[in-house]
Amino acid sequence: MTYHAADIKAVILDLDGVIYRGQTPIRGAAKATDWLHRARYHTYYFTNNSTRTRDSYVELLAGFDIDADADHIVTSASLTAEYLAGRECGRRPVVLVVGEDGLVKELRGAGLHVVRRTGKRAVDYVVVGMDRDFTYRKLHAAQQAIRTGAEFIATNRDATYPVEDNVIPGGGSIVAAVATAAEREPVLIGKPSRRAGMLIARHAGVKAREALVVGDRLETDILVGRRAGMWTCMVLTGISGGHEAQALPANRRPHWIVDSIAHLPALLRKLRAGGSSRR
Ligand SMILES: [Mg+2]
């Protein structure tokens with residue numbers, strides 16, 4: 001079957017390394033996103049960061065002159081909430097959270113009963129994300145809940161998290177600690193799971209082949225797009241470099257590489273003009 005890049009209707013933008021880096025916006029990001037809106041692409045912002053709420057991203061983006069509402073922002077926390085709320089367990093699910101406020105708020109907002117420590121109540125899910133107040137006590141509670149039957153869910157498995165000119169331990173580091181203690185592997189919700197790609201395509205109301213993922217990380221952004229059957233474009237303003245992309249097998253490489261998001265409108269104009277591709 002041949003798919004045409006000219007059919008792209010939705011553009012799914014990663015945040016860190018695409019729109020900004022640390023506190024600093026990427027040059028041309030506001031202009032490019034404004035162009036996407038005017039050119040009538042369904043534009044979504046998708047981050048694996050689970051620590052903030054979608055509303056706080058609305059404010060953050062507004063500070064960079066980017067106009068987005070919460071419905072067009074997807075985080076690994078909101079995706080986890082959507083995933084769990086959509087599952088039937090016969091009662092209001094009890095969720096033990098190892099994570100920060102953004103994750104707790106998203107889960108509560110979806111109607112889930114969130115607890116921060118185990119008591120007599122049976123726990124249905126243990127949800128683990130980035131937690132900068134992670135302790136041995138939390139690790140123990142998560143381990144016990146999983147070993148007594150709770151399902152283990154990871155918002156993301158990013159080992160590191162980029163800050164200005166360095167990296168800090170990411171959500172994946174915490175997930176790894178829980179997985180080791182519980183001797184179980186989690187269900188992964190965020191990028192690069194195929195599930196994340198399918199959920200966001202459904203959210204955007206498009207077929208996977210009508211969506212373009214734009215990101216800076218090969219092992220999350222590009223991989224989620226590839227796994228879900230989306231188009232993929234890598235920017236060089238974040239973590240991964242062009243050489244790393246070329247070293248990958250063809251089906252893992254981004255379809256396109258641009259220097260930065262500022263060059264995205266030119267690429268999409270060219271594709272719309274009929275530069276049809278197949279894969
Ligand atoms: Mg990124």
For the chain, modelled as a GNM with alpha-carbon contacts under 10 angstrom, which of ASP16, ASP221, ASP124 fluctuates the most?
-> ASP124
In whole angstrom, how far apart do the alpha carbon centroids of the range 152-169 and the range 206-236 sit?
-> 19 Å
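Could you pull out the trypsin sites (Lys or Arg not before Pro) across the range 26-96 that fall in loop regions by DSSP (anything but H, G, I, E, B) with no more than 13 other Cβ atoms inside 10 Å? Please list the in-between numbers first.
Working: sites: ARG27, LYS31, ARG38, ARG40, ARG52, ARG54, ARG87, ARG91; in loops: ARG27, ARG40, ARG52, ARG87, ARG91.
Qualifying residues, ordered by number: ARG27, ARG40, ARG87, ARG91.
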Kindly write out, for the range 232-245 in residue order, the coupling ³J(HN,Hα) from the Karplus curve 6.51 cos²θ - 1.76 cosθ + 1.60 (θ = phi - 60°), rounded to whole Hz, with x marking Gly and Pro.
-> 9, 9, 9, 10, 9, 9, x, 7, 8, x, x, 5, 4, 5
Between ASP34 and VAL167, with labels modelled 7 Å along Cα→Cβ, what's the label distance in nm to one decimal, could you check?
-> 3.5 nm
Chain lengthening between ALA273 and MET198 when straightened (0.36 nm per residue, less Cα-Cα) = 24.3 nm
Which cross-chain or sequence-distant (5 or more) residues have an amide H under 5 Å from the amide H of VAL115, H modelled 1.01 Å from N in plane?
-> VAL95, LEU96, VAL97
Report the residues of the range 173-215 in range of a label on ALA6: point 7 Å along Cα→C-beta, backbone N strictly under 16 Å from it.
-> 210
Sorted by chain and then number, the residues having a modelled amide H within less than 5 Å of the amide H of THR43, at least 5 places away or on another chain, are VAL11
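Expressed in nm to one decimal, what extension gain is obtained for the pair ARG147 and ASP69 from 0.36 nm per residue of sequence separation less their Cα-Cα distance?
Here the segment from ARG147 to ASP69 would lengthen by 24.1 nm.
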Å³ per residue enclosed by the Cα convex hull of the range 1-156 | 146 Å³
ARG137/ALA247 FRET efficiency (R0 35 Å; Cβ-Cβ; nearest 0.05) | 0.25
What is the order of MET230, MET198, fewest Cβ neighbours within 10 Å to most?
-> MET198, MET230
Taking amide H positions as placed 1.01 Å from N in the peptide plane, with prolines and chain starts having none, which residues 5 or more places from ASP158, or on another chain, fall under 5 Å of its amide H?
-> GLY171, GLY172
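Show me the GluC sites (Glu not before Pro) within the range 167-224 that DSSP assigns to loop and that have at most 16 other Cβ atoms within 10 Å of their Cβ. Could the numbers behind the result be given before it?
Numbers: sites: GLU183, GLU210, GLU219; in loops: GLU183.
Within the range 167-224, the qualifying GluC sites (Glu not before Pro) (loop, at most 16 other Cβ atoms within 10 Å) are GLU183.
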In units of 2.2 N^0.38 Å, the Cα radius of gyration of the chain is 1.01
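Values in this text are rule-based calculations from the coordinates and carry no lab data. Owing to the predicted nature of the structure, the values given are computational and were not obtained by experimental measurement. Neighbour counts are summed over all protein chains in view; Cβ atoms, including those assigned to glycine, are modelled from backbone coordinates with ideal geometry.
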